[in-house]
Amino acid sequence: MLTAAANPSNYIRPSEPVRITAFPKDPLGVMGATMRFGRNAEIFGEDEEAEYLYQVISGAVRTYRMLDDGRRQVVAFYLPGDVFGMEAANVHRCSAEAIAESQVLVLNRASVMGRAEREMDLSRQLWMLIIRELQRVQQHSLVLIKSAEERVAGFLLEMAGRYPGNGAIELQMSRRDIADYLGLTIETVSRTFTLLVQSGAISLETSRRIQFRNRAALRRLDA
């Protein structure tokens, strides 16, 4: 039976597994169950048994760890189409929460791995997912040697590459999420956004809707 760490009021679980067709060309669009998580609802916790794999259908998810000094480190953001919860061990090394109301496809890990042994397409995709996750971790490890402005510019370019659209993006994550992802304070993130606006690199249509004015300037900062 599927389980979730979130309070039952934060998610809806169908009584029968359903087949997801949101990503028909995706080999991971196999028999699974959809679960709807409310804003800030926990999907799984650190050190819990890693029984399932997850794919974001709508909304957004953050994974994070709590440091010994009580600070939160956001490890990654997952957007529609992204798969998360893949672990080398049998337990989760971090916790996962829905950033906003989100719909997630939940797949039994053992079933997926067993099927991957028989189906080359699925095996290949899982391999590519692992490679992309390693690349993301390697790229993120370089963040701490950069200035605040360079970190925020790189983050905006990363999100621009993952969100649909050309001129603007609608960020679902808060300034606190961004700060905990980049290893900055909320005040520094907000101040850096203001500096990027003043420089003409971006404009803020709302607190979360970012309009790109000069991507070349952002790329120079991220270089």
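Read-outs: derived from the displayed coordinates by stated rules, not from any lab. All values reported here derive from a predicted model rather than from experimental measurement. Using ideal geometry, Cβ is built from the backbone for each residue, glycine included, and neighbour counts are taken over all protein chains shown.
Remark on Ala76: its backbone amide H falls under 5 Å from those of Thr63, a criterion applied only to residues 5 or more positions apart or on other chains, H modelled at 1.01 Å from N.
Could you please report the charge total around Arg62, scoring K, R as +1 and D, E as -1 over all other residues with beta-carbon less than 12 angstrom from its beta-carbon? Local charge sum for Arg62: -1.
What is the dipole size for the stretch 32-146, taken about its Cα centre, with +1 at each Lys and Arg Cβ and -1 at each Asp and Glu Cβ, in debye to the nearest 20?
Details: 14 positive and 16 negative charges, 89 e Å.
It works out to roughly 420 debye.
Roughly how far apart, in whole Å, are the Cα centres of the stretch 50-94 and the stretch 137-189? Measuring centre to centre over Cα atoms gives 17 Å. Going by neighbour counts of Cβ atoms within 10 Å, the residues Ile145, Ile202 line up, fewest first, as Ile145, Ile202. Applying a length cut-off of 15 Å (Cα extent along the axis) and a mean Kyte-Doolittle floor of 0.0 to the DSSP H helices of the chain leaves 148-162, 186-198. Rounded to whole Å, the principal axis extents of the Cα atoms in the chain read 52, 37, 30, largest first. With only the Cα atoms considered, the stretch 145-222 has a convex hull volume of 82 Å³ per residue.
In which sequence would Asp68, Asp82, Asp47 go, from the one with the fewest C-beta neighbours within 10 Å to the one with the most? Let's see the in-between values first.
Details: Asp68 5, Asp82 17, Asp47 12.
With the fewest neighbours first, Asp68, Asp82, Asp47 line up as Asp68, Asp47, Asp82.
Could you work out the local net charge near Ile202, counting Lys and Arg as +1, Asp and Glu as -1, over the other residues with Cβ closer than 11 Å to its Cβ? Write down the numbers at each step before the final one.
Numbers: positive: Arg209, Arg213, Arg215; negative: Glu205.
Computed value for this residue: +2.
Explain nothing, just the number: relative contact order of the chain, from Cα pairs under 8 Å at least 6 residues apart, as a whole percent.
Numbers: 368 pairs, mean separation 38.8, N = 223.
Rounded, it is 17 percent for the chain.
The modelled label-to-label distance for the pair Ala168/Met66, using points 7 Å beyond Cα in the direction of Cβ, is 3.8 nm.
Between Glu48 and Ser207, the distance separating the two model label sites (each 7 Å from Cα on the Cα→Cβ line) works out to 2.8 nm. Where only DSSP H runs of four or more residues are counted, the chain gives -10500 deg cm²/dmol as its mean residue ellipticity at 222 nm, each run worth -39500 (n - 2.57). Projecting the Cα atoms of Tyr54, Ile202, Gly70 onto the dipole axis of the chain, where Lys and Arg carry +1 and Asp and Glu carry -1 at the beta carbon, places Ile202 farthest toward the positive end.
Please give the contour-minus-distance gain from Ala216 to Val137: 0.36 nm per residue of separation, less the Cα-Cα distance, rounded to one decimal in nm. Intermediate results must be reported in sequence, preceding the final value.
Numbers: separation 79, 0.36 × 79 = 28.44 nm, distance 2.45 nm.
Once the chain is fully extended between Ala216 and Val137, it gains 26.0 nm.
Looking at the stretch 104-159, the pairs of alpha carbons with a distance over 16 Å make up 61% of the total. Amide H contacts of Arg39 (H built 1.01 Å from N, in plane; Pro and chain starts excluded): Glu101 sit under 5 Å, all sequence-distant by 5 or more or on other chains.
Largest first and in whole Å, give the semi-axes of the stretch 47-109's equivalent ellipsoid, each being the square root of 5 times a Cα gyration tensor eigenvalue. Intermediate values should be presented prior to the final figure.
On the way: eigenvalues 76, 51, 12 Å².
They are 19, 16, 8 Å, listed largest first.
Under 5 Å from the amide H of Ser58 lie the amide H atoms of Gln103, each residue being 5 or more positions distant or on a separate chain, with H modelled from the backbone and absent for Pro and chain starts.
With neighbours defined as other Cβ atoms within 10 Å of a residue's Cβ, the residues Val152, Val112, Val61, Val106 order from fewest to most as Val112, Val106, Val61, Val152.
Is there a quick way to get the dipole size of the chain? I mean about its Cα centre, with the Cβ of Lys and Arg at +1 and of Asp and Glu at -1; what is the value in debye to the nearest 20?
Working: 28 positive and 27 negative charges, 159 e Å.
Approximately 760 debye in magnitude.
Given a Förster radius of 41 Å and the C-beta distance between Thr185 and Met120 as r, what FRET efficiency does 1/(1 + (r/R0)^6) yield to the nearest 0.05?
Working: r = 47 Å, r/R0 = 1.16.
Rounded to the nearest 0.05, the efficiency is 0.30.
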